[in-house]
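Just so it is clear, none of the values below were taken in a lab; they were calculated from the coordinates. Please read these numbers as outputs of a predicted model, since none were measured by experiment. Every residue, glycine among them, receives a Cβ derived from its backbone with ideal geometry; neighbour counts consider all protein chains shown.
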Amino acid sequence: MSSITLSRYLIEQTRNFNTPADLRFLIEVVARACRQISHEVSLGALGGVLGSMGTENVQGEVQKKLDVLSNDILLEANEWGGHLAGMASEEMEQAYQIPGKYPKGAYLLVFDPLDGSSNIDVNVSVGTIFSVLRCPNGHNGKGDLSEEAFLQKGTEQVCAGYAIYGPQTMLVLTLGNGVKGFTLDPHMGNWVLTHDNIRVPEQTAEFAINMSNQRHWEAPVKRYVSELLAGKEGPLGKNYNMRWIASMVADVHRILTRGGIFMYPRDAREPEKPGKLRLMYEANPMSMIIEQAGGAATNGTQRILDIQPDSLHQRVAVFLGSKEEVERITAYHNQA
Ligand code: P6P
């Protein structure tokens, strides 16, 4: 049987689920931009794009050359097609206005152009995370798009996905009816459907957290991780393995592939911040994907997708993955 490409999958989505043609076009454009980013990332030192820009982004994080290049690739690919009312990115403080010479469309695209970029110079998997929202009525008029148009709960996402630039380049996507995985054929340039129905196992024996922050965690996290470490002799009655790649896309992809729980809790290092990861373009898209694959995602006390954003770059604590473990750590928070 001939392989199903992303284009064919999206056309079938339109036939079977009435996926709007301009959403289909948007996803194709984002996928093409991710293919270009994959190429730039794969060149490494040969492309002259390793290392830092010597600047910081709105998060106060050092900007890698590839961060900025990936951001530019996504902006240039998406600004002219007429399917977007605006864009927002981890790398830009303000929302991106569609230039007046181009038509505006019905959607908003929010993205982290190159997540895990601190890993680029050491050749560890990185990725692009993206989220698609509808532009609310009254916001896609002639004037500049306000930040408020983006501040929608994660349940409002019409599409979420990520590209992972690893040994294979893959695109993992949900339109709200399950999670699909496409592997890039670098010779033909096609995204080929290779994972038709990705599911997160409800149970797991693997957890992901940056253990170096242990002394800074709040009590429920300290309790839970100590139970994981207690293994078979402890209250959870089984031994657990640990992984921490420090690239959310890579850690989440592993969890989608074989289960696990990913944790980035708030901690005492910056008590005024609810966590490190960003709600709009990291936690929300990943939470939609995880839930669509049968997993769960909370900030410790509530479902991430139910959080009403109050700013574009707001941060959030993240506990996501195998449902049984996410429910356990969430219960510990709610008992505290
Ligand atoms: P730490 C990468 O910078 C990132 O935003 C996520 O991809 C990753 O999960 C996390 O930060 C790693 O944080 O504090 O362990 O370096």
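Observations, loosely collected:
- Using C-alpha pairs under 8 Å with a sequence gap of at least 6, the mean separation divided by the residue count of the range 206-335 gives a relative contact order of 27 percent.
- The range 267-336-the range 102-159 distance, computed between alpha-carbon centres (Å): 18
- Residue order, fewest to most beta carbons within 10 Å, for Thr330, Thr128, Thr301: Thr301, Thr330, Thr128
- Cross-link reach list, lysines versus Lys276, counting only Cα pairs under 20 Å and skipping chain neighbours closer than eight places: Lys64, Lys153, Lys222
- Taking Lys and Arg as +1 and Asp and Glu as -1, the other residues whose beta-carbon sits under 10 Å from that of Leu50 total +1.
- Angle in degrees between helix 248-258 and the longest Cα principal axis of the chain, rounded to the nearest 10: 70
- Ratio Rg/Rh, restricted to the range 206-335 and using Cα atoms, in which Rh is the Kirkwood radius: 0.94
- Straightening the chain between Arg243 and Gln302 buys 18.8 nm, computed as 0.36 nm per residue apart minus the Cα-Cα spacing.
- Cα-centre dipole for the chain with unit charges at Cβ (Lys and Arg positive, Asp and Glu negative), debye to 20: 640
- One equal scatterer on each Cα of the chain, no solvent, Debye formula: the resulting log10 I(q)/I(0) at q = 0.07, 0.08, 0.10, 0.11 Å⁻¹ is -0.27, -0.36, -0.57, -0.69.
- Cα-based helix-to-principal-axis angle, 21-43 vs the chain, degrees rounded to 10: 70
- Relative contact order computed over the chain (Cα-Cα under 8 Å; 6+ residues apart), in percent: 15
- Fraction of beta bridges assigned by DSSP in the chain that are antiparallel (%, nearest 5): 85
- Acute angle (nearest 10 degrees) that the helix 219-230 long axis makes with the longest principal axis of the chain, alpha-carbon atoms: 70
- Exposure proxy order (Cβ contacts within 10 Å, fewest to most) of Thr257, Thr55, Thr298: Thr55, Thr257, Thr298
- Spin-label model distance (nm) - Ser3 vs Asp310, 7 Å beyond Cα toward Cβ: 4.8
- Under 12 Å, Cβ to Cβ, from Arg243 - net charge with Lys/Arg +1 and Asp/Glu -1: 0
- Summing Lys and Arg as +1 and Asp and Glu as -1 over all other residues whose Cβ lies under 14 Å from the Cβ of Ser131 gives a net charge of -3.
- The magnitude of the dipole of the range 206-335, with charges of +1 and -1 set on the Cβ of Lys/Arg and Asp/Glu and taken from the Cα centre, is near 280 debye.
- With neighbours defined as other Cβ atoms within 10 Å of a residue's Cβ, the residues Val252, Val221 order from fewest to most as Val221, Val252.
- Extension gain, Asn197 to His39, is 54.2 nm, computed as 0.36 nm per intervening residue step minus the present C-alpha separation.
- The dipole here belongs to the range 172-260: it is taken about the Cα centre, uses +1 on the Cβ of Lys and Arg and -1 on the Cβ of Asp and Glu, and is about 200 debye.
- For Lys142, the lysines whose Cα falls under 17 Å of its own Cα, not counting residues fewer than eight places away in the same chain, are Lys101, Lys104.
- Scaled against the 2.2 N^0.38 Å expected of a compact globular protein of N residues, the Cα radius of gyration of the range 6-195 reads 1.01.
- Using the rule -39500 (n - 2.57) for each DSSP H run of four or more residues, divided by the residues of the chain, the 222 nm mean residue ellipticity is -9000 deg cm²/dmol.
- Here's the picture: charge each Lys and Arg Cβ at +1 and each Asp and Glu Cβ at -1 in the range 206-335, and of His313, His333, Met248 the one pushed furthest to the positive end of that dipole is Met248.
- Projecting the Cα atoms of Ala21, Thr194, Leu114 onto the charge dipole of the chain (Cβ charges, centred on the Cα centre) puts Thr194 farthest toward the positive pole.
- Residues Glu156 and Thr257, FRET efficiency given R0 of 41 Å [Cβ-Cβ distance, rounded to 0.05]: 0.90
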